[in-house]
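Report on the structure given below.
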Amino acid sequence: MSCTYGNKTLSGTYITDRDGMAVVKLSSGYNIGVEKAFCTLVSPAPASAPRAAPIRQDPKLPELAIISTGGTIASRIDYRTGAVTSQFDADDILTAIPALAEIGRYRTKVLYTILSENMTPAIWQELAKAVYDEIKHGVTGVIVTHGTDTMAYSAAALSFMIDTPVPVIFVGSQRSADRPSSDNAMNGVCAALAAESDLGEVAVVMHATTNDDSCAIHRGTRVRKMHTSRRDAFLSIGIPPVGTVDYATRTVT
């Protein structure tokens, strides 16, 4: 990409654009943001990698819905920039966590692909409608993938917006899927198990400890994120968690 700004022309690698601004990596390694109107794409963007075949789903298993809004659980490292970017959709999550296919069969919907700091009350309304539609369809439970920074706010909002007879489980991850210490797979499996429980409310399911042993089920109106990077960053405030998912035995208590 070539960009001209203030009588000076710079060339670099096109990364992305948002809100009319192009992000360009210069040969120096620095990234700059320039108004897209001043830039010309001189070479085609690299072709996307072919999508993996959808995982086979067992029609005998309970039907769950996955509504994807983005966040780290749906992200990977962009090695051009070193940043974590939201690039997965709901079907990608199933491919990335094959163990989900042993728990249920899934309807998937990509509502948004955003980082959680960009969540808004208007999107909460859209999300509540999407969750309602899935409940009306007759699914056993609904899983909402969400960035962790504002997940507690979204869970609380939907708790007041939806009177649900089935579990509505918010889940995220502190570390992206391609990091060795990622918590996305365990959190995803725990969320699916919680979504098949007899819980009739909105909850957040995340690591209960720093180890890969169990997840806590937090009531949507009483959960808070207490740390920026710990895998057990979420705690119930004023009450104990409403349940626990044992990862090894795949049991919910």
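Quick note: the coordinates plus some simple rules give every number you see, no bench work behind them. These figures come from a predicted structure and were not determined experimentally. Methodologically, a virtual Cβ is constructed for each residue, glycine included, from the backbone with ideal geometry; neighbour enumeration extends over all protein chains shown.
Figures for the structure shown
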{"read-out": "Efficiency of FRET between R107 and K8 - r from beta-carbon atoms, R0 51 angstrom, step 0.05", "value": "0.50"}
{"read-out": "Karplus (6.51, -1.76, 1.60) ³J(HN,Hα), θ = phi - 60°, over the stretch 7-13, in Hz, Gly and Pro reported as x", "value": "6, 10, 10, 10, 10, x, 8"}
{"read-out": "Percent of Cα pairs exceeding the 21 Å cut-off, where the set is the stretch 162-229", "value": "22"}
{"read-out": "Segment K25-D198, extension gain: residue separation times 0.36 nm, minus the distance between their alpha carbons", "value": "57.3 nm"}
